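The values are calculated or read from the model by the stated rules, or taken from the named source; none is laboratory data. Since the model is a prediction, treat every value here as computed from it, not as a measurement. Cβ placement follows ideal geometry from the backbone for every residue including glycine, while neighbour counts extend to all protein chains displayed.
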Amino acid sequence: MHISQIIKYEGDNSTFIWKHPCEDFNTTTQLIVHESQESIFFMNGQALDLFGPGRHTLETQNIPLIRKFINIPTDGETPFHCEVYFINKTEQMAIKWGTDSKVQYVEPTYKFPLSIGASGEMSLSVEDSRKLLIKLVGTECILDRNQLTTFFRAFLMARVKTYIAQEMKASAINIFEIDERLEIFSKGIQARLIGDFEEYGVTLNRFFVTTIVKPDGDPQYEKFKELHFRQYADIAEARLKQQTDVIYAQTEAQKTVIESQALAQKRATEGYTYQQERGFDVAEQAAQNEGVGEFTNMGIGLGVMSGIGGTVGGMVSGAVNDAFVAVPTQPQAGNLFCENCGAKLTPGAAYCDECGTPQSSPDNCSNCGFKFIKPGKFCPKCGTKRES
């Protein structure tokens, strides 16, 4: 016969409440409570004391040696009933939950009915040992995580289903974008469930919605899923084409700038201007003209070259002027070019439109630029006295 006993619990960590099998133990029995545990001592059906971590001596009315005689009227059973419950205070994580049926609602974007489910995990811990033991456990010997989840299943299903349906309707959440809202769902549902768990002395430390079960395989759902992703594929393709066009336009613009800069550098290196380059082009075209053998066309080609060719151009220009004096012809409107820059002159102009060089010569009027076709003392166009 044991005069004094030692009561302790060293079981697994998946249990919230465990009742020690030793009952009606003698007074001075030693109670060992580990860290993260609490123990409640029941005497004659009442929860008397709550013990924290450490070693404690339990005082009962069961006295060794004489309890045999005291129990004679009760047929050997002690009238001083006592028992001990251990409560695990650690936070128990990864407790799974899931809806037992689908949530029915109308998809706000495409307006078709849907059925979805939800599942996830939560972590729980005992906050008020006495409240949990008295209100939920009663005379049970054990309360593990599966039993606790079963007790709270009604709360979970009601809160989860209602919240998801209401939130998706109020926020007009697209079924194809619902995974982006899992964190919001988790916090919203946890806020609604905290009070239900606290009423039984349990703290809902964390709550996670990890999966929204979509109606994959349903013909109507698959049809709208295809339309939805095709729409975004078209948008992505249009954006890619737009970006490609912009890059191409920028490349062409950069190419044009580089070519322009190279041409300007070439002109600066070779010592001629844009107007002179245009004069070269005109002279080249005149030289390739089938009528270059005619006197008029020869005058055009040589006149252009005389304006852009330096010393050689000046010599050619003199020969042309002599030819014009020796063989008078009618003035060719629009065929005069500036001797300085080679630009085409406005008919009858006294100055160049491009460089402002005076266009006077013995064969032209110094006032109006009229080309003389025969000797005389005055300009037949404006009456200005001719230079000798």
Consider region 33-62. How many of its residues are farther than 20 Å from Asp128 by Cα and modelled with pLDDT of 90 or more?
2
I'm trying to understand the selection: among the residues of region 5-33, which are within 51 Å of the chain's Cα centre (by Cα) and not aromatic (Phe, Trp, Tyr)?
Gly11, Asp12, Asn13, Ser14, Thr15, Ile17
For region 182-191, indicate whether the set of residues that are among the basic types (Lys, Arg), out of contact with any Lys or Arg (no Cβ under 7 Å at 6 or more places or on another chain) and modelled with pLDDT of 90 or more is non-empty.
yes
Could you please tell me which pairs satisfy a Cβ distance under 9 Å, a separation of 6+ or placement on different chains, a first residue in region 45-61 that is assigned by TED's automatic domain parsing to the domain that holds Asn26, and a second residue that is surrounded by fewer than 11 Cβ atoms within 10 Å (Cβ to Cβ)?
Pro53/Glu35
Across region 108-127, what is the number of residues that are aliphatic (A, V, I, L, M) and either loosely packed, with under 14 Cβ neighbours inside 10 Å or more than 14 Å from Ala165 (Cα to Cα) (or both)?
3
Being within 17 Å of Thr346 (Cα to Cα) and of a type outside the set (Gly, Ala, Ser) is the filter here; which residues of region 368-381 pass it?
Cys368, Phe370, Lys371, Phe372, Lys381
Condition first: touching an Asp or Glu at 6+ places or on another chain (Cβ under 7 Å), buried (at least 18 other Cβ atoms within 10 Å of the Cβ) and not small (Gly, Ala, Ser). Now tell me which residues in region 186-210 satisfy that.
Val202, Phe208
Does region 80-89 include one or more residues that are of a type in the set (Val, Ile, Thr) and modelled with pLDDT under 85?
no
Give me a count of the residues in region 13-23 that are in a loop (DSSP other than H, G, I, E, B) and in contact with a strand residue (DSSP E or B) (Cβ under 6 Å, 6 or more places away or on another chain).
4
